[in-house]
Amino acid sequence: MRDFFQRNGAVISTYLLLAVFFWVVMMIVLPQAYMLNFSFRHDLLPNQIGGPKDVYTLSNYEYLLFGRPGDEELFNYLHLTVFLRTIIASIFVTLLDFALCYPIAYYIAQVAKGGYARSMILLLILPFWVNEILRAFAFRILFGTSGVINAFLQTMGILDEPIDFLRADVALYAGLSYAYILLMVFPLYNAIESLDHNQVEAARDLGSPWWRIHWRVVMPHAKPGIASGCTLVFMLSAGALAAPQILGGPSSLWFTQIIYQWFNTGGNWAQGSAYAIVLLLACLVFVLTVMKVFKVSLGEIAR
Amino acid sequence: MSADVELDHMTIRFGEFTAVKDANLKIEDGEFFSFLGPSGCGKTTILRAISGFLEPTEGEVRIGGKNMKGIGPNKRPTALIFQNLALFPLMSVADNIAFGLEVRGVGKAERRKRADELLDLIALGDQGNKKVSELSGGQKQRVAIARALAVEPAVLLLDEPLSALDLKLRQHMRTELRAIQQRVGITFIYITHDQGEALTMSDRIAVMSQGIIQQVGTGTEVYENSQTAFVASFVGENNPFHGKVVGTEGSDALVDTAFGRLRGRNVRGMQPGQSAMLFVRPESMSFANGDAENVIESQVLHSEFEGSFFSVFLRGEGAKDIVMSMTNSGDLPQYQEGESARVAFKAERALVLPVGDVADE
Ligand SMILES: Nc1ncnc2c1ncn2[C@@H]1O[C@H](COP(=O)(O)OP(=O)(O)O)[C@@H](O)[C@H]1O
Ligand SMILES: [Mg+2]
């Protein structure tokens, strides 16, 4: 501690400590603690707060699982399905992003040289200067029934009837994959870039076909980057709101949309908090699973 | 499979730049062959062309008589040991060695058995389960060799594999490499900028400069019968004397230099009137007594005691000193710094060569 003060001087040290404290407490601990607290309470009218009904309860979580007591269905199928679909679709989006980004990242990091690689990175970043909402609407235009893709396929004579990409959720998956693609490319790029190219050549020289080089040499080396990219894309997909709102089919909900409804139109913060906590836990489970599967530590992911 | 390696008029260009020019030689099956030359002369480029990582711009590479054009590095009967070894740090030592077998679909038990045999060969018998990072420099070196040998290549290519080691270990590994080569009996193609390594290990050496193979021969041939000024000055130490050929006598040529008329072997058949360089090695010179031929009158500048021998520096032509060395046999000649000295050499120990670039120290 004294070292820290001596190294950075009193003013800067105090500032750093306060900033970190503020960040951790105000941005991370307090809001989540509030949410957690909310999630175990009843949705009360203002005049009931502090009254006899103001007690802790698990009812908000029970609602997600079983629905309202006395419902004919045993479970709350509607919300559980949305939850599961959100998780599975996010995993799918993550895998899709990985499959798309790994070759690109490998190419930029190991094959392309110098200025060429830099211009490719720039090309990747450029679309993200346009804001998220605008990009989502652009995808609507691309994928709509009378959109660019359908129009093209119809003029080419490949399709007779337009395909409803929005209803089929193709637009949603494409939009989500596209929205978080950089968060996959950069961790992968960073990880692959640090691999000594001689190792790739050594594997090749020992007779290895290209897929085994990737499986045994490149991917093991890039594991922290893969884990970091996958967890980022998964969490942001599962927590996305704008893209599902704009690109989701009329009948398909994203779990965040339900949370949003609880907070907003439903006005039931307690219920919304419980749902949000469940989503947060699902994300944590995903991160821990990925860390376990890839045998990487949190420190390596953050690198 | 017979594994002679032929370079047939091979030229390699990177854009406008010619990295290897018209390399033309044959390396015999089972030979320990070295490419020796200063850094940047194109050695690695030749090795990469033999291993298949790049294709010659002109000419061809043949292994066992077969043109290798279009055959990738994973399909050639060669194994390359990289300058930085390029071991796989995330695999155990044994898995590194067995990687080539894994690629070939050899089962796990068999792989482990072969890896253990190779570990014995490189005297690391019980270290198979270690991580690569737990090994010392010399051990990593040997693991890289074992990993390459595991795929039973017909030709082993080594790119300055000892350059990262310290002097003692380097000298030890020289002997070891040579011994391994003799045990496995396959062709070794070795790259180095260190003439000591090339001379001690190789059956034959190709001396290179600026992409051109200057001379191919045994160690004694390139040392004793250097064919170009570059080879004479790069392999071992040599004293050059610039001059003009004024006559030939039998197999000798007479050259007029700044130190008078000197005689040397006319190995390149030079004619009177041509500019020439006469080379005399430090150990071929001695202080002259009486009126010997090939006498150089100069001035002692300083001397260096090196233990087993003794170097004396004399004022040469221009900025370069003349170096002579004498073995330390107990009674060293007496002289003073700054005093004039007469040194001489035998004509059969001097070479008369066409003027050419000399290696800079
Ligand atoms: N891929 C390449 N592109 C352009 N120039 C290269 C390439 N590889 C090597 N060179 C050039 O070719 C020359 C010979 O290189 P190299 O064979 O690595 O030399 P050495 O191994 O003898 O030190 C050097 O001048 C180097 O800069
Ligand atoms: Mg080299």
* How many residues are of a type in the set (S, T, N, Q), in contact with a Leu (Cβ under 9 Å, 6 or more places away or on another chain) and more than 30 Å from A:A138 (Cβ to Cβ) when one looks only at segment A:244-303? -> 2
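Among the aliphatic types (A, V, I, L, M), within 16 Å of ligand 2 (Cβ to nearest atom) and either more than 13 Å from chain A (Cβ to nearest Cβ) or in a strand (DSSP E or B) (or both): does that describe B:A94?
Numbers: among the aliphatic types (A, V, I, L, M): yes; within 16 Å of ligand 2 (Cβ to nearest atom): no; either more than 13 Å from chain A (Cβ to nearest Cβ) or in a strand (DSSP E or B) (or both): yes.
Taking the combined requirement at face value, the residue does not satisfy it.
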* What are the residues in segment A:100-147 that are of a type in the set (G, A, S), touching a residue at least 12 places away in the same chain (Cβ under 8 Å) and more than 21 Å from A:A240 (Cα to Cα), if any? -> A:A105, A:A109, A:S146, A:G147
* Would you pick out the residues in segment B:26-44 that are near ligand 1 (Cβ under 6 Å from one of its atoms), under 21 Å from B:E60 (Cβ atoms) and in a loop (DSSP other than H, G, I, E, B)? -> B:G42
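Each row is one residue, and each column tells you yes or no for (1) more than 21 Å from B:I180 (Cβ to Cβ); (2) away from chain A (no Cβ under 14 Å).
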site	(1), (2)
B:E58	yes, yes
B:L80	no, no
B:G100	no, no
B:N129	yes, yes
B:G138	no, yes
* Give B:L353, B:L262 a once-over and let me know the one that is in contact (Cβ under 8 Å) with a residue 40 or more places away in the chain, surrounded by 15 or more Cβ atoms within 10 Å (Cβ to Cβ) and within 28 Å of B:I212 (Cα to Cα). => B:L353
* Considering (1) under 29 Å from A:L122 (Cα atoms); (2) of a type in the set (A, V, I, L, M); (3) away from chain B (no Cβ under 14 Å); (4) buried (at least 21 other Cβ atoms within 10 Å of the Cβ), say which one A:A222 fails and leave the rest. => (3)
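If you take the residues in segment B:95-106 that are farther than 24 Å from B:S163 by Cα and touching a helix residue (DSSP H, G or I) at 6+ places or on another chain (Cβ under 9 Å), which one is surrounded by the fewest Cβ atoms within 10 Å (Cβ to Cβ)? Spell out how you get there, then give the answer.
In the first step, residues of segment B:95-106 are kept if they are farther than 24 Å from B:S163 by Cα; the result is B:95, B:98-106.
From what's left, touching a helix residue (DSSP H, G or I) at 6+ places or on another chain (Cβ under 9 Å): B:95, B:98-103, B:106.
On the way: B:D95: 19, B:A98: 26, B:F99: 26, B:G100: 26, B:L101: 23, B:E102: 19, B:V103: 19, B:V106: 16.
Top of the filtered list is B:V106.
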* Structure fact -> Of the listed residues (B:L162, B:L169, B:L121), the one being modelled with pLDDT under 90 and within 16 Å of ligand 1 (Cβ to nearest atom) is B:L162
* Evaluate the following for A:R212: is it away from chain B (no Cβ under 14 Å) and basic (K, R)? => no
* Inspect all residues belonging to segment B:290-313 and state whether any of them is touching a Gly at 6+ places or on another chain (Cβ under 6 Å) and either crowded, with 19+ Cβ neighbours inside 10 Å or not aliphatic (A, V, I, L, M) (or both). => no
* To do: Taking B:K130 as meeting all but one of (1) more than 16 Å from ligand 1 (Cβ to nearest atom); (2) within 20 Å of B:D4 (Cβ to Cβ), write down the number of the exception.
  => (2)
* **Selection status of A:L188, more than 14 Å from the chain's Cα centre (by Cα), closer than 28 Å to A:A136 by Cβ, more than 11 Å from chain B (Cβ to nearest Cβ) and surrounded by 24 or more Cβ atoms within 10 Å (Cβ to Cβ)** => yes
* To do: Residue by residue through segment A:151-185, note down the ones that are exposed (fewer than 15 other Cβ atoms within 10 Å of the Cβ) and β-branched (V, I, T).
  => A:T155, A:I158
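Please list, ordered by residue number, the helices (runs of 4 or more DSSP H) wholly in segment B:102-193 having 2 or more residues that are touching a residue at least 40 places away in the same chain (Cβ under 8 Å). Show your work before the answer.
Numbers: elements: B:108-121, B:137-150, B:167-184.
Because the criterion is at least 2 residues that are touching a residue at least 40 places away in the same chain (Cβ under 8 Å), the helices (runs of 4 or more DSSP H) in segment B:102-193 that meet it are B:137-150, B:167-184.
Each row is one residue, and each column tells you yes or no for (1) aromatic (F, W, Y); (2) crowded, with 17+ Cβ neighbours inside 10 Å; (3) part of a strand (DSSP E or B).
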{"site": "B:M10", "(1), (2), (3)": "no, yes, yes"}
{"site": "B:N24", "(1), (2), (3)": "no, no, yes"}
{"site": "B:I46", "(1), (2), (3)": "no, yes, no"}
{"site": "B:A49", "(1), (2), (3)": "no, yes, no"}
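Just to be sure before I move on: is B:L162 more than 14 Å from chain A (Cβ to nearest Cβ) and within 16 Å of ligand 2 (Cβ to nearest atom) in the structure I sent?
Numbers: more than 14 Å from chain A (Cβ to nearest Cβ): yes; within 16 Å of ligand 2 (Cβ to nearest atom): yes.
For B:L162, the condition - more than 14 Å from chain A (Cβ to nearest Cβ) and within 16 Å of ligand 2 (Cβ to nearest atom) - is met.
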* To do: Filter segment B:288-307 for residues that are hydrophobic (A, V, I, L, M, F, W, C) and over 17 Å from B:L262 (Cβ atoms) and give the result.
  => B:V300, B:L301, B:F305
* Residues of segment A:117-150 being over 30 Å from A:Y107 (Cβ atoms), loosely packed, with under 15 Cβ neighbours inside 10 Å and either over 28 Å from the mean Cα position of the chain (by Cα) or among the aliphatic types (A, V, I, L, M) (or both), which ones? -> A:I133, A:S146
* Structure fact -> Of the listed residues (A:S273, A:S237, A:S252), the one being touching a strand residue (DSSP E or B) at 6+ places or on another chain (Cβ under 9 Å) and not aromatic (F, W, Y) is A:S273
* **Where a residue in segment B:38-60 is free of Cβ contacts under 8 Å to residues at least 40 places away in the same chain and over 14 Å from B:M208 (Cβ atoms) and its partner, wherever it lies, is within 16 Å of ligand 2 (Cβ to nearest atom) and assigned to a loop (DSSP other than H, G, I, E, B), with Cβ under 8 Å and at least six apart** => B:R48/B:L54
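Going by the conditions given, is B:G318 closer than 16 Å to B:H242 by Cβ and exposed (fewer than 11 other Cβ atoms within 10 Å of the Cβ)? Give the steps one after another, and end with the answer.
Numbers: closer than 16 Å to B:H242 by Cβ: yes; exposed (fewer than 11 other Cβ atoms within 10 Å of the Cβ): yes.
Yes; evaluated as a whole, the condition is true for this residue.
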* Within segment B:108-160, which residues are of a type in the set (S, T, N, Q) and surrounded by fewer than 16 Cβ atoms within 10 Å (Cβ to Cβ)? -> B:N129, B:S133, B:S136
* **Identity of the residue in segment A:73-113, farther than 27 Å from A:A276 by Cβ and buried (at least 20 other Cβ atoms within 10 Å of the Cβ), that ends up nearest to the chain's Cα centre (by Cα)** => A:C101
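The rows are residues; the columns are (1) charged (D, E, K, R); (2) within 14 Å of chain A (Cβ to nearest Cβ); (3) within 16 Å of ligand 2 (Cβ to nearest atom).
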position: B:V5; (1), (2), (3): no, no, no
position: B:H9; (1), (2), (3): no, no, no
position: B:F14; (1), (2), (3): no, yes, yes
position: B:L25; (1), (2), (3): no, no, no
position: B:G30; (1), (2), (3): no, no, no
position: B:S34; (1), (2), (3): no, no, yes
position: B:G40; (1), (2), (3): no, no, yes
position: B:R48; (1), (2), (3): yes, yes, yes
position: B:G52; (1), (2), (3): no, yes, no
* To do: Might you let me know whether segment B:58-65 holds any residue that is under 20 Å from B:T192 (Cα atoms), crowded, with 16+ Cβ neighbours inside 10 Å and within 16 Å of ligand 1 (Cβ to nearest atom)?
  => no
* How many residues are acidic (D, E) and buried (at least 19 other Cβ atoms within 10 Å of the Cβ) when one looks only at segment B:26-44? -> 1
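Restricting attention to segment B:12-44, which residues are of a type outside the set (G, A, S), out of contact with any helix residue (DSSP H, G or I) (no Cβ under 8 Å at 6 or more places or on another chain) and over 16 Å from B:Q214 (Cβ atoms)? Walk me through how you get there before you give the answer.
Within segment B:12-44, the subset of a type outside the set (G, A, S) is B:12-14, B:16-18, B:20-22, B:24-29, B:31-33, B:35-36, B:38, B:41, B:43-44.
Adding the requirement that they be out of contact with any helix residue (DSSP H, G or I) (no Cβ under 8 Å at 6 or more places or on another chain) leaves B:13-14, B:16-18, B:21-22, B:24-29, B:31, B:33, B:41, B:43-44.
Within segment B:12-44, B:R13, B:F14, B:E16, B:F17, B:K26, B:I27, B:E28, B:D29, B:E31, B:T44 meet the criteria.
The values are calculated or read from the model by the stated rules, or taken from the named source; none is laboratory data. Since we're looking at a predicted model, the values are computed, not measured. Cβ sites come from the backbone with ideal geometry, for glycine too, and all protein chains shown count toward neighbours.
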